[in-house]
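Nothing in this text is a laboratory measurement; each read-out follows from the coordinates by a stated rule. Just so we're clear, the structure is a prediction, and the values are computed from it rather than from any experiment. Cβ: placed from backbone, ideal geometry, glycine included. Neighbour counts: every protein chain shown.
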Protein chains: 4
Amino acid sequence: MVLDNFKSVISKYDVIFFDAFGVLKTYNGLIPGIEKTFDYLKEHGKDFYVVTNDASRSPEQLAESYVKMGIADVTADRIISSGMLAREYLDYKFREGLVAYVGTDNSAHYIETLGLKTISIREVNLDEAHNINALVFMDDEGFDWNTDLTKTLNLLRKRNIPVIVANTDKTYPASKNRLSIAVGALAKMIEDTIGRQFIRFGKPDPQMFIFAYQHIKNYPNVSKRNILMVGDTLQTDILGGNKFGLDTALVLTGNTQAEDAEVRIRSTGIIPTYICVSAVVE
Amino acid sequence: MVLDNFKSVISKYDVIFFDAFGVLKTYNGLIPGIEKTFDYLKEHGKDFYVVTNDASRSPEQLAESYVKMGIADVTADRIISSGMLAREYLDYKFREGLVAYVGTDNSAHYIETLGLKTISIREVNLDEAHNINALVFMDDEGFDWNTDLTKTLNLLRKRNIPVIVANTDKTYPASKNRLSIAVGALAKMIEDTIGRQFIRFGKPDPQMFIFAYQHIKNYPNVSKRNILMVGDTLQTDILGGNKFGLDTALVLTGNTQAEDAEVRIRSTGIIPTYICVSAVVE
Amino acid sequence: MVLDNFKSVISKYDVIFFDAFGVLKTYNGLIPGIEKTFDYLKEHGKDFYVVTNDASRSPEQLAESYVKMGIADVTADRIISSGMLAREYLDYKFREGLVAYVGTDNSAHYIETLGLKTISIREVNLDEAHNINALVFMDDEGFDWNTDLTKTLNLLRKRNIPVIVANTDKTYPASKNRLSIAVGALAKMIEDTIGRQFIRFGKPDPQMFIFAYQHIKNYPNVSKRNILMVGDTLQTDILGGNKFGLDTALVLTGNTQAEDAEVRIRSTGIIPTYICVSAVVE
Amino acid sequence: MVLDNFKSVISKYDVIFFDAFGVLKTYNGLIPGIEKTFDYLKEHGKDFYVVTNDASRSPEQLAESYVKMGIADVTADRIISSGMLAREYLDYKFREGLVAYVGTDNSAHYIETLGLKTISIREVNLDEAHNINALVFMDDEGFDWNTDLTKTLNLLRKRNIPVIVANTDKTYPASKNRLSIAVGALAKMIEDTIGRQFIRFGKPDPQMFIFAYQHIKNYPNVSKRNILMVGDTLQTDILGGNKFGLDTALVLTGNTQAEDAEVRIRSTGIIPTYICVSAVVE
C-alpha cells in the first residue's frame, strides 16, 4: 500500500472537507498535532468545512467544543451536520402540530429554533397523540430505551407521519476500546419492525455534500475538482465524497486501521483517491 | 375470498400443529371457544402440537399457563418452542465456559437444566469476559436496554463467540392496541451493527417443524400429507409450514385480519392451503 | 381518499418537476390531454423540468422523442436524466484508460461526448482488461445477458474499479400488461454477487433533485417551497421529492393505481402532499 | 491459525457429510489424492454422504459423474442435493396443472419422475398460462436470459403461484479463474423485483442437513455428536452444519483460501470446529 503525504495532497486543492470523529478528534480530545493542519490551511488561504453525522447539538455548540479543546478555527459557519439537514427538512415540509423527538432535550433545542413545538418521546401520551405530525430521531441519550422505543413503535402504528433520522451512524466510539450504539441503529430497528420508510440524513448521502458545497464562502463557484474530502470511514466519507464527484483521502487514525485498509478497499470496492497516515500536516 | 370451515378442514388430517399467539390465545387469555377445538381433537383421536416462537419460559412453564387459563390438554410434551432448539444447540455444540444471556433469569433457568453455567448480561464485566464462550438472546425483559445492549455489542467485539437467537420474532402483542418489541428485533440490531452472522431459531425455519415432526407420538411415521399447520402469520407459520411440505391453514384471529388477508397473500406470494375465520370448531 | 385538482395544485408553484414514465407518457405515447398541461405552463409563466431515471439516450435524443409524439416544449435543456449524473461523475472522477459499458452503443455515445474511450462489455477480452478503469451500467439492451453478465462479474473480480449504475430502476413498462427488467436490477444482481458497493444514480437519490434545482433558469434562487415534484411512484418520485424538501403530487396514471394508493401510502409511510387523478390540466 | 490433521479429525466421527465443489472436486476433476479418503472411510467403516447445492441433475447422474472421474464409492444413495428437496416439496404440495421450470431439460427430467407435467420457460406462452401452478428455478443454463427471465417476471405478475428455488448458490467455479452466475442469483433478482417470497432449498438451510440425517443407513439413530460436516464455504457448509448441531471442518481447497480464513472467520462470526488443509487423508 503506497501512502501519500497529507501536506502535498491538500496543497493541490482549494477547499477541504473534513470528517470530525477519527480525523480531527477522538473520544478523548484532538488528534495530536491537528492544530498544525489548521495553521497550514490559514497560511495558504485554503477554505475548509467539517462535514459530520451528528445531531446531538447545534453547530454553535459543536464549535464551542472545539474551542474548549484548543482549536478556535472551527467556527459554527464551518460545520455541516446531519442535524442541520433534518432541521432544514422540517423547515420546508412541516406545517403544523407537534414534532416528537427521540433524544436529549438539548438535541431538540436546535430544531426548536425554527419556532416548532416539540415533545420528547418520554412525555408522549399515546392516547393524546393526534396532533403529533412528525417524529425525529436525534440522539441515543435522553430517554429510556426499554419503555420509550416501544412507545415510539406504537406511536408510529397510530400515526402515519414522516419519520426523520438525523444521524444514520450505527455506532460511535465511547472510549479507547468501547463503542456506543448510535441513534441510527435504534432508528433502523424501528424502521425494520414497522416496515415503513424513514427519511435519513447523513453521509454517504450526497445531500450532506451539496449542503457543504453550498456553504463554501471563500471560493464561490469552485469546481468539484478543487475540493478534497478527508475521512476515516470508507462507507460514509469516501463513498459519499466519490459519488458527489470529489477526490477523497482516507486517513488511518479512526475506523480504518493501517493493517485493514487494503483488504477493506478490495472487498468493498470503495476506492479513495489517496491514503494518508493522518490529517496532520507534518 | 372463499373461507373454509375449520372443522371440516381438520377432519382431513391426523396431526395438527398450532401456533400459539393469535391462534389459541391472545394477550389477555384464550381465544373464546377454543376449548371446543381441544374437545374435538380428543374425541376424534387427532394428535396435536403447539409450535411457538418463545424462549421466555420452559415448556413446563408454558404448559402451566394453559392450565391457568383453563386448558389442561396442552401438556409440556405437546409444546415445541424455539427455546427448545436453542437449548438443543447448546447441548450439542457448547463445550466449556460460561454462556452469557440476554433476557430474564427465568429464561436462563431453562438452559441451565443442561448443566451449563450462565451469566446475565447485566452481571457481565467486560474486563473479565475471557471465559464467556457463547451468547444467547432469550427475552426482551430482565435487563436495561440502554446499558446492557451496549455491553452486548462490546462483548461481541472482544469475543468472537457463537451468538444464538432463541426467538426471531420482532414484536408481540402487549395489549389490544399495543405491540412490544421482541428479542428478535434487538438481536437483529446488534447483528447488523457488528456485521456478524447469528444463529437464529424460530419459524419459518424448517428446524422448528422437523423438531415438532420428531416429537409426534401417536402417529409414528405419519406422512407430511396428513399434518396441518394452523397459524395467523403468513411470514412465519404459513411460509414455514409450506416449505416443510405441510398443508397450511391461515386463521384471522391474530396478525392477519380479514380485510387484509387477500392483499397480503397476493403481495407476499405466500399462499395458505386454507383460510378459516378462526381455529374454533363450531 | 380526497383527490386534489391538478390545475389548482400547480397554480401555487413557480417551478414543476415532472417524472416522465407514467406521468407524461406511457409505453405507447403521451398521456391523453397532457398537451393542455404544457399550454397552461407556458401561458402562466411556470418553469418546468422532466426528472427521469433513464440512461439509454442523451437528453437531446430524449427531447426528440417528445417532438415525435407531438410535444415541442420538452427541450433538451428541460430534461434531467440519471444518465447525466453518471456522465458528470465520469467527468470529475475518471482520469485515464477505458470505460467498459453494459448497454447499447447508443447509450455509450452520450458518455463518449466527454472524450472518453469506451468499450462494450460484448467486446471486452478478459485477458486484456488491464486498462479498463471503470464500468458503467447504462441499459438492459445491446448485449447478451447469459455471456456478458457473466463476463461483467469476472471483469470485476479481476479489476477493483469504480462501478457506476446510471439508472437504478428495476423494471419499466414494455406494453399494457408486460414489464421489462431494467438495468438497475441486473446491476443489483452483480453487486450482490460480488459483494462490492456500486455508485448508483437515479431518484429517489437527492442528487437528481439538486441537479434539477441547479438547472432552473427562469426562477433563479427560487425557494424549494415554490417547487412541486409530480410523479407516479412513491418509492422514487415522492420519497425523493419529500426528502429534498419539495412538496409532492402523486398521480394515478402509472405505477400507483387509484385502488392501491391509500394502502401503499399507509404501508410505506411515504406521504405525498397531494394526490391527483393525472397531470392533465382540465 | 492452528491447522488440524484431517485424518485424526475424521477418526473421531462415525458419519461424515462432505460438500462436493471445493472439497471433493473442482471445475476440472477430483481434488488430487481424494481417493485415499474414500479408502480410509471404507476401511474404517465410516458412513459418508455428499450434501450439495445442485439441481442440475438427478442423484443418479451426479453419481455417474464421480464414476467417470474414477471414484465408484459416491453412489446415488449417498448424494443429498438441493434438487431432491425441491422435488420432495413438489411431491407433497403440488396438486394439479403444469410446473414451469427455469433450467435445462435435463434438470426437469428429474422432477418429471414424480409424474408431473412440466414446461420450460422457453416454451411458455403468457397468454395461455392459466394452468401453470408452480415455477421452479433449476439451473442457469437451457434458456435465454434476456427473453426468458423477462418472461418469468411477467408470468409471476399474472399468476400468484409458489416459486421454488432448487439451488440458492449465487456462483459456481467455471474454470481456474472464472466464476459462472448460478441460478440462485437469477432467482434472487426476480424475487427482489417482484417483491414476493420464494421457497429456497440449499445449504445453509437446516432442511438439507435433516434430509441427509434421515438418509443415514449404517448408523441408525447416530447422535449428531458423531457426525462431522466438511466444507469449503463458511456461509453455507459451516454455518448450516453448526446450526444443525454438528461439528464442522473447514477445508482450504475451495472458496476459502488459507490467507483469508482467519479474517473471514473473525468478520463473519462463523466458527468451524476444525480447520484442515484439505479433505485428503495423508
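Here are the numbers for the structure shown:
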item: Local electrostatic count at D:Phe198 - Lys and Arg +1, Asp and Glu -1, tallied over other residues with Cβ under 9 Å; result: +2
item: Within-12-Å neighbourhood charge of B:Gly245 [Cβ basis; K, R +1; D, E -1]; result: +2
item: Trypsin sites (Lys or Arg not before Pro) within segment C:147-221: DSSP coil, no more than 12 neighbouring Cβ in 10 Å; result: C:Lys176, C:Lys217
item: Residues whose placed amide H lies under 5 Å from that of C:Ser120, excluding near-sequence neighbours; result: C:Tyr101
item: Net charge, C:Val23 excluded, C-beta distance under 9 Å - Lys, Arg +1, Asp, Glu -1; result: -2
item: 0 to 90° range, to nearest 10: angle between helix B:206-215 axis and chain B longest Cα axis; result: 70
item: Identity and axial distance of the chain C residue whose Cβ lies nearest the axis relating C to B, Å; result: C:Val263, 3
item: Percent antiparallel among DSSP beta bridges (both partners in the protein assembly as shown, rounded to 5); result: 15
item: For the protein assembly as shown, average projected area of the Cα convex hull in nm²; result: 43.3
item: Calculated FRET efficiency for the pair D:Thr147/D:Ser223, C-beta based, R₀ 45 Å, to 0.05; result: 0.30
item: In Å, descending, principal axis extents of the Cα set of segment B:27-108; result: 49, 27, 15
item: Degrees separating the helix A:34-43 axis from the principal Cα axis of chain A, which is the longest one; result: 70
item: Exam field: A:Glu123 pseudo-label spacings to other copies (7 Å along Cα-Cβ), nanometres; result: 4.1, 6.7, 7.1
item: Equivalent ellipsoid, segment A:185-282 (semi-axes from 5 times Cα gyration tensor eigenvalues, Å); result: 25, 21, 11
item: For segment C:1-144, radius of gyration divided by Kirkwood radius, i.e. Rg to Rh on alpha-carbons; result: 1.09
item: Cβ-based charge dipole, chain C, positive-most Cα from C:Phe201, C:Ala182, C:Phe6; result: C:Phe201
item: Computed [θ] at 222 nm, helices only, for chain A once each DSSP H run of length n ≥ 4 contributes -39500 (n - 2.57); result: -9500 deg cm²/dmol
item: Under the Karplus curve 6.51 cos²θ - 1.76 cosθ + 1.60, θ = phi - 60°, whole-Hz ³J(HN,Hα) for segment B:90-107, x wherever Gly or Pro sits; result: 4, 4, 7, 10, 8, 9, 7, x, 10, 9, 7, 10, 10, x, 6, 4, 4, 5
item: Segment B:83-200: C-alpha pair distances exceeding 26 Å, %; result: 12
item: Derived scalar couplings ³J(HN,Hα) [segment C:266-282; Karplus, 6.51 cos²θ - 1.76 cosθ + 1.60; whole Hz; x for Gly, Pro]; result: 5, 7, 8, x, 9, 10, x, 5, 9, 10, 10, 4, 7, 8, 8, 7, 8
item: Helix C:59-69 axis, angle to chain C major axis (alpha carbon atoms, nearest 10°); result: 50
item: Where N is the number of residues in chain A, Cα Rg divided by 2.2 N^0.38 Å; result: 1.03
item: Lys pairs under 29 Å by Cα in segment D:83-200, provided they are eight or more residues apart or on distinct chains; result: 15
